[in-house]
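Student: Quick one: the structure is below, and I'll ask about it shortly.
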Amino acid sequence: MQTIITDNYDALSRHSADMVAGQVAANPASIICFASGETPTGMLKYLVNHALEHKVNFSECRFIGLDEWVGLGKDDEASCGNYLYTNFFTPLSIRPENIMIFNGLAEAEEECNRMNAWLQANGPVDIMIVGIGLNGHIGLNEPGSDFDSGAHVSNLTSNTITTAQKYFSRQTSLVWGITLGLKNFSEATMPILMASGQKKAAIIHQALQGPVNPGVPASILQRLTNAYVILDKAAASLLSDIK
Ligand code: F6R
């Protein structure tokens, strides 16, 4: 695991976008997985601009969704699918056949089987960019998730349900999520975790410098020699002895 500390959110976003663009230049047919949420929005803006300026070409890439709230489809404004369409697929006119995302309206177990079968045939993911929840989740791999899991249904914790209300315009009942698993993350050619802001400092410290255990899913990063953790100064503020 290599930790990169940037000055602020904009620098974090720019750096992450440059890493993605560099990988796509090296492998134009990359399979890419982007998280949704607040953290990757700046990076996606840079990537969309780079692509519109012909500095990077995503036309041969395929995109796999990281996760989804069960009960929400891509036309629901606060769904992960909707976020990816709004912030990336639509502005770049990504071809539908290159998009493989979870449908939160489908039967959840079947949806996981569909994603697992797709990854079995096409995987592993080349570039997998995740954020971190305040409870250490990656995707919707909640505390206690198996490090060896593929796509699966996840029972959401109250911490995630409460924090996720920031994505919704009104109070929304959430119970289950569907998500790629920690095995998918560890098998990615380039697994990347991004975190920004003081509110993430405690969990980043726990994940990167505490014991490796499923109680903190993001602690799996400590085992991944090929992984990158990209932070801004605020998120890194509780780390000691960064090499
Ligand atoms: C979203 C996802 C989540 C978020 C995490 C951080 O697709 O997978 O794990 O990455 O909850 O969310 P933000 O970036 O909103 O702080």
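The values are calculated or read from the model by the stated rules, or taken from the named source; none is laboratory data. All of these numbers come straight from a predicted model, not from anything done at the bench. Every residue, glycine as well, gets a Cβ built from its backbone with ideal geometry; the counts of neighbours run over all protein chains shown.
Student: Output the number of the condition that Met100 fails; it satisfies all remaining conditions of (1) in contact with a Pro (Cβ under 9 Å, 6 or more places away or on another chain); (2) farther than 27 Å from Lys199 by Cβ; (3) of a type outside the set (D, E, K, R); (4) within 16 Å of the ligand (Cβ to nearest atom).
Tutor: Failed condition: (1).
Student: Ok, one more. Among (1) over 30 Å from Arg14 (Cβ atoms); (2) within 12 Å of the ligand (Cβ to nearest atom), where does Lys183 come up short?
Tutor: The failed condition is (2).
Student: Ok, one more. What pairs come up if the first residue lies in region 36-64 and is touching a residue at least 60 places away in the same chain (Cβ under 8 Å), the second is in a loop (DSSP other than H, G, I, E, B), and their beta carbons are under 6 Å apart, counting only those six or more places apart or on different chains?
Tutor: Gly37/Gly131; Thr39/Gly131; Thr39/Ser196
Student: Would you mind stating whether Ala218 is within 14 Å of the chain's Cα centre (by Cα), modelled with pLDDT of 95 or more and in a helix (DSSP H, G or I)?
Tutor: So Ala218 passes the test.
Student: Of all residues in region 6-26, which are in contact with an Asp or Glu (Cβ under 6 Å, 6 or more places away or on another chain) and either surrounded by fewer than 20 Cβ atoms within 10 Å (Cβ to Cβ) or part of a helix (DSSP H, G or I) (or both)?
Tutor: Correct list: Asn8, Tyr9, Leu12.
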